[in-house]
Every structure is written in C-alpha cells, then in structure tokens.
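Engineer: Before we start, here is the structure in question, set down as structure tokens.
The values are calculated or read from the model by the stated rules, or taken from the named source; none is laboratory data. Keep in mind it's a predicted model, so treat the numbers as computed, not measured. Because the Cβ atoms are built from the backbone with ideal geometry, glycine has one as well, and the counts that use them run over all protein chains shown. Areas reflect the complete protein model, heavy atoms only, side chains present, ligands, DNA and RNA absent. Shrake-Rupley method; radii C 1.70, N 1.55, O 1.52, S 1.80 Å.
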Amino acid sequence: MARVLVVDDDPQVLKLIEKRLKDFSLITTTSPEEALGLVKEADVLLIDQRMPSMTGLELMEEVHKLYPDKPVIIMTAFGGVEEAVESIKRGAFHYVSKPINFDELTNILKKAVEIVKLKDKLKKLNELLGTDLIAESPAMRRVVETARKVAPFDTTVLITGESGTGKEVLAKFIHKNSRRRKGPFVPVNCSAIPENLLEAELFGYKKGSFSGAYTDKRGIVEEASGGTLFLDEIGDLPLQLQVKVLRLIQEKEIKPIGETKPKKVDVRIVCATNRNLKRLVEEGRFREDLFYRINVIHIHIPPLRERKEDILPLAYFFIKKTAEKFGVETKVLSERARRELLGYDWKGNVRELENTIERSFILSDIKTIDQIYFEEQREDSPVSGSYTGVKPYHVAKEEFERNYLKRLLEVAEGNISKASRLSGKTRAEIYRMMKKYGLR
Ligand SMILES: Nc1ncnc2c1ncn2[C@@H]1O[C@H](COP(=O)(O)OP(=O)(O)OP(=O)(O)O)[C@@H](O)[C@H]1O
Ligand SMILES: [Mg+2]
C-alpha cells in the first residue's frame with residue numbers, strides 16, 4: 001500500500017483523515033519539524049497550509065530541498081484560491097480545500113502515487129540499461145538482446161569486433177545488467193602492459209618474491225572481486241599467462257607471484273579481441289583449451305558500415321555529449337552533413353565517428369553542423385602532412401565565402417533582396433552561392 005505522510009497541527013483533522021482515507025497507509029504528525037524526519041518513509045505528502053510554527057508551503061520547500069521529486073498536496077483553507085494558486089506555482093503536485101472532499105483527495109493521491117511509481121520504474125530501467133548504448137539497427141539490437149540474456153548468468157563471454165565497434169561499452173553493459181552491477185568493472189588491456197609485468201599486474205605478488213617487490217601487492221584480478229574483469233585484447237595474452245587465466249576461469253583461483261597457496265577469487269570474466277582467435281589457435285599462439293573456455297558465449301559486433309541505421313542516432317548522441325562536455329547549446333546536422341556521415345565507410349567504426357563528430361562540432365558554426373570535417377581526407381587537414389596554418393588559396397576562399405554567406409543570410413533574415421542589397425551581389429549570384437554551399 002502506498003504511504004502518505006499527513007501533516008496538520010489540528011489532531012481532529014488528522015483523526016478524520018485517518019478514518020476516511022482507507023486506501024493508503026498513513027503516517028500522521030502535528031509537527032512540521034518531526035515531519036521532515038519522516039519524509040523518507042512516505043511516497044506522497046499531504047500538508048496543511050496553515051500551521052503555527054511553519055506554513056505548509058515552507059515545509060514543502062524544505063522537503064523539496066532534500067527530495068525534489070516527492071509529490072506534495074497542500075490543504076488550503078476554504079475559499080483560499082490565492083493559496084491554491086501559490087502552492088502550484090511553488091511546486092505542489094496539487095491542492096485540496098477544506099472541508100476535504102475525500103473522493104477527490106483519494107483520486108489526487110492515487111495519481112501522485114502512480115507518478116512516483118512511474119518515475120521509479122524509469123530510473124531503474126535507465127540504470128539497468130546503462131543508458132549509453134545506442135542500438136537502432138536490427139544487427140545491433142540483436143547484439144544487445146543477446147547481451148541482456150547472458151548478463152545475469154556468471155558465464156564467460158567473448159566479444160569480437162573490429163577496433164572501435166564498442167566492445168568495451170558492451171562489456172560494461174553486460175556488467176551493468178548482471179547481479180554484479182554494484183561491484184567493480186575492471187578493464188585490463190592485455191596488449192598494453194609489457195609481458196614481463198603483466199603477470200605481476202594481473203595476479204599480484206608477495207613481498208620479496210623478486211627484486212623490487214618491497215610490499216605485497218594485490219593484482220588486478222583481486223581488485224575485480226565481486227565484479228567483472230574485462231580482459232581486452234585477450235588474443236595478445238602471452239602463452240605462459242594463458243594457462244593461469246585458464247585456471248582462473250576453471251577453478252576461480254589465482255596464485256600471486258611468490259605465494260605458495262592459491263587464493264579464491266570471485267570474478268566474472270568478459271573477454272574481447274579484434275583478432276581471429278581460431279587462426280591464433282591454428283598457429284599455436286593461443287591455447288585451444290582456453291579458447292573453448294572463453295568461447296562459451298560469443299557475441300560479434302558488426303562494423304559500423306554494416307549497420308548504417310546506427311550512424312545518425314550515434315551522431316546525435318555524440319553531438320549531445322559534446323555539447324554537454326563543453327557546456328554549450330546543442331547543434332543540428334545539415335542535410336549535407338547527414339549525407340556525408342551516411343556515405344562514409346568508417347574504418348575506425350564508432351570511435352572514429354565520435355571523434356569526427358566532436359571535431360565537426362567545434363569547427364562548424366553555431367547551431368548547425370553544416371559539413372563533416374573528416375580527419376585525413378582534405379588537403380587542408382592539419383593531420384595530413386605538415387600543418388603550417390596556410391591553406392591552399394581555393395580552400396581558404398571557399399571557407400571565407402561560405403562563412404560570409406551564412407552571416408549575410410543571418411543578418412538579412414533569409415530575405416534574398418535584402419541580402420542582395422547588403423552585399424552588392426545580384427540575387428542570382430546569391431542563389432548560386434546558396435546552392436553551392438547547400439544553404440537555404
Ligand atoms: N553503441 C554505442 N553507443 C554509444 N557509444 C558507443 C557505442 N559503441 C561505441 N561507442 C563509443 O565509441 C568509443 C569506442 O568504443 P569501445 O572503446 O567500446 O570500442 P572497442 O571495440 O573496445 O575498441 P578497441 O578495439 O579499439 O578497443 C567509446 O567512446 C564508446 O563509448
Ligand atoms: Mg577496447
């Protein structure tokens with residue numbers, strides 16, 4: 001049953017409410033001060049406006065400082081229209097006037113409870129989904145569906161896909177949807193750590209087990225205890241460590257360097273690679289037994305060029321992210337920009353798209369990303385070749401013309417006659433330029 005906290009300085013009123021509000025479990029008090037301590041227990045608040053120590057609205061404001069989403073219903077005096085209006089203005093969910101019409105009050109309370117439940121549900125859903133994963137294409141939706149299914153089981157998962165396709169995001173998604181969601185998510189890049197350090201990093205060591213081991217050190221695997229260990233680039237794991245990872249998966253045990261007894265650890269393992277593990281097995285560079293152990297559930301993320309439906313949703317997602325990052329207004333994509341995004345082959349996949357959007361966001365005008373600034377493709381790109389700040393003349397001219405035209409049209413508010421007058425160009429010339437630069 002939904003819980004309602006009722007605050008009224010008049011005990012008679014509280015009694016009456018207790019008698020008449022049958023559909024809720026009530027917590028009542030005559031003291032606004034005491035009420036503040038009880039807010040946490042209630043789904044909805046019902047507060048009298050006229051109380052000696054503090055008005056209902058004052059109490060509501062105190063409540064909302066701590067619980068901005070708690071619905072508050074204010075009880076106003078008979079005919080207190082101004083109080084009613086004021087209470088809504090200041091954030092009350094609703095008001096009821098005294099003497100109370102209990103059918104009306106019951107309805108209002110039920111609505112408030114419903115909204116609380118809905119908000120809760122939405123919050124839970126968002127937490128669960130790990131809101132940061134965009135999947136619009138059928139291919140990507142299947143990927144997410146599989147991930148969602150395997151997440152609750154503690155089984156090992158292998159994620160494959162080209163560089164930048166989102167293997168790590170998906171691993172995190174699996175973690176967030178598992179029973180371990182409150183535990184740590186610990187990524188290790190097996191190819192980034194030098195081979196001779198990797199064992200010590202992964203499994204830890206005992207003081208004095210080698211020169212330089214001045215203290216005991218917990219390994220990354222232990223750090224992940226209670227959570228998920230993400231072994232990225234598992235294909236690059238040296239053979240001699242593969243057997244130790246195998247033991248970790250099979251026995252849930254590790255042996256820190258210099259330790260004689262194995263230690264139990266509680267981790268779920270998700271692996272990723274952009275290499276062909278089967279081929280590595282054939283070449284004798286990856287243990288076959290480990291391959292079968294990690295390959296229980298295999299999820300392949302297709303490259304971005306094979307799921308074009310994701311390009312624009314991802315682009316908008318990154319635009320929003322960039323705007324938030326820099327604390328500026330968001331922007332829209334011009335038709336030309338959208339066409340350019342869809343026509344590109346994205347060898348660097350989602351990561352390249354993300355970088356490209358950020359670059360284009362910064363280099364484009366306010367409000368609209370009119371074109372996409374690809375990394376290496378243009379002759380004026382600072383990335384390709386040596387960057388001198390001097391652009392080829394025709395590039396500089398085009399840039400000037402485009403910016404000039406944009407500003408001109410802004411000032412003229414899109415009125416071509418006015419633009420013509422201001423610029424000294426004929427209307428035909430302006431139309432031609434607009435067409436050339438895709439501006440309307
Ligand atoms: N479906 C997606 N929705 C939102 N963001 C994504 C998605 N896929 C990838 N990204 C973003 O793209 C970037 C690259 O993703 P991630 O690091 O997971 O790729 P990866 O496959 O692990 O790449 P690599 O093989 O190079 O390590 C990250 O910033 C990530 O947040
Ligand atoms: Mg990665």
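Engineer: Would you be so kind as to identify which of HIS94, VAL6, ILE108 lies farthest towards the positive end of the dipole of the stretch 3-127, taking Lys and Arg as +1 and Asp and Glu as -1 on Cβ and the Cα centre as origin?
Structural biologist: Selected residue: ILE108.
Engineer: Would you kindly state how much longer the chain becomes between ILE257 and TYR393 on full extension, computed as 0.36 nm times their sequence separation minus their alpha carbon distance, in nm to one decimal? Display every interim value, and only then the final one.
Structural biologist: Working: separation 136, 0.36 × 136 = 48.96 nm, distance 6.31 nm.
Stretched out fully, the ILE257 to TYR393 stretch lengthens by 42.6 nm.
Engineer: What does the charge dipole of the stretch 3-127 about its Cα centre add up to, to the nearest 20 debye, if the Cβ of each Lys and Arg holds +1 and the Cβ of each Asp and Glu holds -1?
Structural biologist: In debye, rounded to 20, the stretch 3-127 gives about 560.
Engineer: About the Cα centre of the stretch 306-436, what is the dipole size in debye to 20, counting +1 per Lys and Arg Cβ and -1 per Asp and Glu Cβ, all else neutral?
Structural biologist: Numbers: 26 positive and 23 negative charges, 128 e Å.
Using Cβ point charges on Lys, Arg, Asp and Glu, the stretch 306-436 gives about 620 debye.
Engineer: Could you give the dipole magnitude of the chain about its Cα centre, charging the beta-carbon of Lys and Arg +1 and that of Asp and Glu -1, in debye to the nearest 20? Could the numbers behind the result be given before it?
Structural biologist: Values: 76 positive and 68 negative charges, 226 e Å.
For this selection, approximately 1080 debye.
Engineer: Run the numbers for LEU122 and LYS207: contour at 0.36 nm per residue of separation, minus the present Cα-Cα distance, in nm.
Structural biologist: Roughly 25.7 nm would be gained on extension.
Engineer: Hey, what do the phi angles of the stretch 273-278 turn into as Karplus ³J(HN,Hα) couplings, whole Hz, using 6.51/-1.76/1.60 and θ = phi - 60°, x for Gly and Pro?
Structural biologist: 7, 10, 9, 8, 5, 4
Engineer: Expected output is a single nm value to one decimal: the length gained when fully extending between ARG179 and LYS320, i.e. 0.36 nm times separation in residues minus the C-alpha distance. What is it?
Structural biologist: Taking ARG179 through LYS320 to full extension adds about 47.7 nm, to one decimal.
Engineer: Amide H neighbours of ARG50 under 5 Å, counting only residues 5+ apart in sequence or on other chains, H built in-plane at 1.01 Å?
Structural biologist: HN-HN under 5 Å from ARG50: GLY56.
Engineer: Based on the Cα gyration tensor of the chain, what are the three equivalent ellipsoid semi-axes, each the root of five times an eigenvalue, rounded to whole Å and given largest first?
Structural biologist: For the chain, the ellipsoid semi-axes come out as 51, 44, 19 Å.
Engineer: Hey, what number do you get for the chain at 222 nm if only DSSP H runs of n ≥ 4 count, each worth -39500 (n - 2.57), divided across all residues, to the nearest 500?
Structural biologist: Result for the chain: -14000 deg cm²/dmol, rounded to the nearest 500.
Engineer: So, one more: If R0 is 30 Å, what FRET efficiency do you get for LEU241 and HIS300 from their C-beta distance, rounded to 0.05?
Structural biologist: 0.75
Engineer: Put +1 on the Cβ of every Lys and Arg and -1 on every Asp and Glu Cβ in the stretch 64-180; which of VAL157, VAL144, VAL169 then has its Cα farthest towards the positive end of the dipole?
Structural biologist: VAL157
Engineer: Would any residue of the stretch 27-67 have its amide N under 19 Å from a label point 7 Å out along Cα→Cβ of THR106? List them or say none.
Structural biologist: 27, 44-46
Engineer: Let me ask something else. Evaluate the distance, in nm, between pseudo-label points positioned 7 Å from the Cα of ALA2 and of PHE374 along their respective Cα→Cβ axes.
Structural biologist: Roughly 5.6 nm, to one decimal.
Engineer: Note down the Stokes-Einstein diffusion coefficient of the stretch 138-302 in µm²/s, whole number, using a Kirkwood radius over alpha carbon pairs, 37 °C, and 0.692 mPa s.
Structural biologist: Working: Rh = 16.2 Å.
My calculation gives 203 µm²/s for D.
Engineer: Could I have the simple spin-label model distance between VAL332 and ILE193, label points 7 Å from Cα toward Cβ, reported in nm to one decimal?
Structural biologist: Between VAL332 and ILE193, the label points sit 4.9 nm apart.
Engineer: Hey, another quick one. Carbon and sulfur atoms: what percent of the 1.4 Å accessible area of the stretch 138-302 do they account for?
Structural biologist: In the stretch 138-302, the share of accessible area belonging to carbon and sulfur is 50 percent.
Engineer: Using Cα-Cα distances under 8 Å and only pairs 6 or more residues apart, what relative contact order does the chain have, in percent?
Structural biologist: Relative contact order comes out at 11 percent.
Engineer: With the other protein chains left in place, how much accessible area per residue, in square angstrom, belongs to the chain at a 1.4 angstrom probe?
Structural biologist: Per-residue accessible area for the chain comes out at 56 Å².
Engineer: Between the stretch 32-64 and the stretch 69-121, what is the separation of their alpha carbon centroids in Å?
Structural biologist: 13
Engineer: Which distance in nm do the two modelled labels at GLU62 and TYR431 give, with both placed 7 Å along the Cα-to-Cβ direction?
Structural biologist: 7.1
Engineer: Could I ask something else about it? Under the Karplus relation 6.51 cos²θ - 1.76 cosθ + 1.60, θ = phi - 60°, what is the ordered set of whole-Hz ³J(HN,Hα) values for the stretch 69-78, x standing for Gly and Pro?
Structural biologist: Per residue, the Karplus-derived 3J(HN,Hα) values read 9, 6, x, 10, 10, 9, 9, 9, 5, 4 Hz.
Engineer: Same structure again: For the charge dipole of the chain, defined by +1 on Lys and Arg C-beta atoms and -1 on Asp and Glu C-beta atoms about the Cα centroid, which residue among PHE326, SER25, ILE134 has the Cα displaced farthest towards the positive pole?
Structural biologist: It is ILE134.
Engineer: Under 5 Å between amide H atoms, partner at least 5 residues away or on a different chain: which partners does PHE286 have, H built in plane at 1.01 Å?
Structural biologist: Those lying under 5 Å, H to H, from PHE286 are VAL281.
Engineer: Once amide H atoms are placed 1.01 Å from N in the peptide plane, what residues at a sequence separation of 5 or more from GLU253, or on another chain, have their amide H within under 5 Å of its amide H?
Structural biologist: LEU248, VAL265
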